[in-house]
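Report on the structure given below.
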Amino acid sequence: MTVTRTHVRHLLAASALILTTAAYGEAMAQGTFDNALKLEPASFKTINVTVDGKPITLRRYEAVYVGKPVAMAKEQPARRMGAGGSPSGADTQALADPLTYQKLVIFVPDTATEASAMILNVNNGGWFASELKPGIEEGGSYTSTSDTDKAGAALAAGYVYVDIGSRGRGIVAADGSFPGKAPAAVIDTKAAIRYLRLNDQTLPGSAERIVVTGTSGGGGLSSVVAASGNSPDYLPELAEIGAAGVTKDLKSTLNDDVFAVIAYCPITDLGHADMAYEWLYRGIRSAENTANNSWNAAAQQASSELAEAYPAYLDGLGLKLPDGSALTSKTMKAAIEAEVRLEVERHVAAGGTVPPRGSNFEIVLRQRDGEKKLQLLNDWVTVENGSVAAFDFDAYLRFVAKTSALKNVPAFDRTANTGNVGTDGENSLFGTSTQAYANFSAFGWNRNEVKGDGSGPDDTGLDWAQYTLGPGEALARQVRLINPMVYLGSEAKAARYWYVRHGMIDRDTSFAVELSLAAAARMDPDVKSVDFRLPWMTPHSGDYDVHEAYSWLAEVLSKQQ
């Protein structure tokens, strides 16, 4: 007999009759704001779309997913990339919906069942705040055959499709503070997951089959959410915003783990990302391939120090490759090369071509302002009879740097050090809610050059180790709470299935960071499988292989029938 939710409800009702008073009280435990966050079954609007030319009716629910949303300023920075992400008075825009950063929209196709997956979309490029931007509109036309239409693929499969807004760096609260500091984006995403679980009986689809997906900062966000399921570390912040399933005494009555993750080019492990970047690229950096021609003496010295610090961290992770061999600073570059070789051979097997050495690759990069076409010399790979016969790793890295200039040094924690005053990297993600930015790594902190910004020994009298073990423990905690490497292999419940992509010509973070993430996920006992690739001639981007990704998802879902 197939057990449906109706059967389960009847069984629970019968069991409740024989529960002791104490057991019944425990069974009925709920979060402080659960009653206020219950979704009314009839509170939807009906919208009509077409998928593959056929009409589909959707229920559209819209709701604030926390009990205590943060009050936002009516004017928000229109451009968020200034020093520390702090807004400029002239660069503001009116906030049309003050709740947009903690609101979600749920689209339920009429083909959804109780077992349908729920696709949870996060944005947060660069770990910036993400306004709610519903990906499905009344009268819209979608397709399941496009490699860029994930809404069409999801609707065609009968999945519930969820878009959320979430806090992140760059936003300003009504009191003038910065409420998007780490781990705000993670907290909001976990709160949205808890909202879906709280209302699981009301909605078609299964909250036990949530698939979180995002790109870049959103890929990093998706990865840490997938790694840290049900960890109590986040309960104080979840309670602060009135998330579902959190009691007054910081107990959890709901789970926030997810079934699977589809992450594109995840920007993650930020506390060590600068070291990984220089360790990989230091040997091929030049004034010509470094952004803003900033490859000066200070940058060269910084690059050396960062590169030399990475092996100890990487080796300390205890990672292994799929064949069981160690993934260390001695084997990492060979592992990256092996992944690129595999992708070259996949490309050829699929009918693609590779120009002979001395000829040019023709590459088309899709950008916001249109397509950019590049012709770049092949001086790094030779293919014979469908297999890679020769490969020059350093020449390959120089090739990557020709498609897009390497980031300044440091690549991520660069505000207020090594002459990088006026640029922020990811610094505005960290610090107190009243700080425009904070250095968040030992290198960046110890070399802070700006007096009065609240970072560095010049302001605190303490180096990074002293500060983070004392008055700056909260800063160190911020860095930990957005790092999936902290949670993979821990008692947290990781997603069972991981689909991770990082383009073969993506220089936005080190390939070493991405291979480390994949290796750590494979080693977590909760994880059933990891599908990792460096897609052919793909830059920093996402949702470019939707057909492949959603075919993968259908396969892993079928294993759970």
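Where a number appears in this text, it was derived from the coordinates with a stated rule and is not lab data. Keep in mind that what you see is a predicted model, and the values were worked out from it rather than measured. No Cβ is skipped: glycine too gets one built from the backbone with ideal geometry, and neighbour counts run over all protein chains shown.
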**Q.** Degrees separating the helix 297-316 axis from the principal Cα axis of the chain, which is the longest one
**A.** 50
Q. Over the stretch 271-403, what lengths in whole Å, largest first, do the semi-axes of the equivalent ellipsoid take, defined as the square roots of 5 times the eigenvalues of the alpha-carbon gyration tensor?
A. 28, 23, 13
Q. What is the local net charge at Q300, summed over the other residues whose Cβ is closer than 11 Å to its Cβ (Lys, Arg +1; Asp, Glu -1)?
A. 0
(Q) Let's see if you can work this out: charge +1 on each Lys and Arg Cβ, -1 on each Asp and Glu Cβ, no other charges. What is the dipole magnitude of the stretch 148-271 about its Cα centre, in debye to the nearest 20? (A) 60
Q: State the answer as a single residue: which of L221, S433, L95 lies farthest towards the positive end of the charge dipole of the chain, with beta carbon charges of +1 for Lys and Arg and -1 for Asp and Glu, about the Cα centre.
A: L95
Q: Can you spot the lysines whose alpha carbon is less than 16 Å from K559's alpha carbon? Ignore those fewer than 8 places along the same chain.
A: K528
Q.
Output the 0 to 90 degree angle, nearest 10, between the alpha-carbon long axis of helix 270-281 and the longest principal axis computed from the alpha carbons of the chain.
A. 30
Q. So, by mean Cβ neighbours within 10 angstrom, what's the order for 547-558, 386-397, 191-202, 95-106 with the highest one leading?
A. 191-202, 95-106, 547-558, 386-397
Q. Using a cut-off of 15 Å between alpha-carbon atoms, which aspartates and glutamates can reach K407, once sequence neighbours fewer than 8 places away in the same chain are excluded?
A. D274, E278, E288, D424, E426, D506, D508
Q: Just need the relative contact order of the stretch 271-403 here, percent rounded to a whole number, with Cα pairs under 8 Å and 6+ apart.
A: 17
Q. What translational D, rounded to a whole number of µm²/s, comes out for the chain from Stokes-Einstein when the hydrodynamic radius is the Kirkwood one over Cα pairs, at 20 °C and 1.002 mPa s?
A. 87
Q) Got a sec? How would M118, M537 order by Cβ neighbour count within 10 Å, fewest to most? A) M537, M118
Q | Magnitude of the charge dipole, the chain, Cβ model with Lys/Arg +1 and Asp/Glu -1, debye to 20 | A | 660
Q | Neighbour cut-off at most 15 other Cβ (10 Å), DSSP loop, chymotrypsin sites (Phe, Trp or Tyr not before Pro), the stretch 216-271 | A | none
Q) So what's the angle, to the nearest 10 degrees on a 0 to 90 scale, between helix 5-16 and the longest Cα principal axis of the chain? A) 60
Q. Just how far, in whole angstrom, is the stretch 386-435 from the stretch 99-145 if you go by their alpha carbon centroids?
A. 31
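For the chain, what is the mean residue ellipticity at 222 nm derived from helices alone (per DSSP H run of n ≥ 4: -39500 (n - 2.57); sum divided by total residues; nearest 500 deg cm²/dmol)?
Counting only the DSSP helices, I get -9000 deg cm²/dmol.
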**Q.** Cα centre as origin, Lys/Arg/Asp/Glu Cβ charges: the stretch 214-293 dipole, Debye
**A.** 120
Q.
Along the charge dipole of the stretch 271-403, pointing to its positive end and built from +1/-1 on Cβ of Lys, Arg, Asp and Glu, which listed residue (L306, L342, T403) has its Cα farthest out?
A. T403
